[in-house]
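Chemist: Take this structure first; my questions come after.
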Amino acid sequence: DDLVVRAELPDIDPDRDVELTVGHGMLHIEAQRREDETVDEKGYMRREMHYGKFARTLPLPEGVAESDVTASYRDGILEIRIRAPEAVEKPQSKRIPITRG
């Protein structure tokens with residue numbers, strides 16, 4: 001019954017590179033990938049840097065609290081589980097009479 005969101009985020013450190021927030025009925029995922037490679041061979045040095053940023057904001061079902069959201073990271077996949085809220089009965093519409101005069 002849980003809602004599951006999965007994001008492929010290979011080669012990142014989830015403690016340092018991922019920010020996951022819940023607020024105002026929205027789930028916000030933001031990740032940044034930084035890769036710096038230096039090769040020193042045969043009298044020259046080559047340095048390559050790669051940067052990338054990922055951000056998504058998703059609406060949450062009504063009634064979801066921050067404590068209902070958990071996340072785990074394994075093998076390059078960020079998995080977010082959202083416990084489905086209990087069914088909330090919506091109040092019935094009530095007709096308002098219109099008076100003349």
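The values are calculated or read from the model by the stated rules, or taken from the named source; none is laboratory data. Not measured: the values here are computed from a predicted model. Methodologically, a virtual Cβ is constructed for each residue, glycine included, from the backbone with ideal geometry; neighbour enumeration extends over all protein chains shown. Surface areas here come from the heavy atoms of the whole protein model, side chains and all, with no ligands, DNA or RNA. Shrake-Rupley method; radii C 1.70, N 1.55, O 1.52, S 1.80 Å.
Chemist: Anyone know which of Val64, Val39, Val22 comes out most mobile in the 10 Å Cα GNM of the chain?
Modeler: Val39
Chemist: Where is the GNM fluctuation largest for the chain (alpha-carbon springs, 10 angstrom cutoff): Glu35, Glu66, Glu79?
Modeler: Glu35
Chemist: Net charge near Met45, counting Lys/Arg +1 and Asp/Glu -1 over other residues with Cβ under 15 Å of its Cβ?
Modeler: The answer is -2.
Chemist: Mean projection of the alpha-carbon convex hull of the chain over all orientations, in nm²?
Modeler: If I average the Cα hull's projected area over directions, I get 11.5 nm².
Chemist: Same structure again: Suppose the chain between Ile96 and Glu37 were pulled fully straight at 0.36 nm per residue; how much longer would it get relative to their current alpha carbon spacing?
Modeler: Taking 0.36 nm per residue and subtracting the Cα distance, the gain is 14.3 nm.
Chemist: DSSP loop (so not H, G, I, E, B), at most 14 other Cβ within 10 Å: list which trypsin sites (Lys or Arg not before Pro) in segment 13-64 pass both filters.
Modeler: Lys42
Chemist: Then there is this: Leaving out ligands, DNA and RNA, what percent of the accessible area of the chain is carbon and sulfur, probe 1.4 Å?
Modeler: Carbon and sulfur together cover 47 percent of it.
Chemist: Let me ask another. For the chain, report the accessible area per residue in Å² (1.4 Å probe, heavy atoms, rounded to an integer).
Modeler: 86 Å²
Chemist: Gain in length, Arg46 to Thr70, computed as 0.36 nm per residue apart minus the alpha-carbon separation, to one decimal in nm?
Modeler: 4.5 nm
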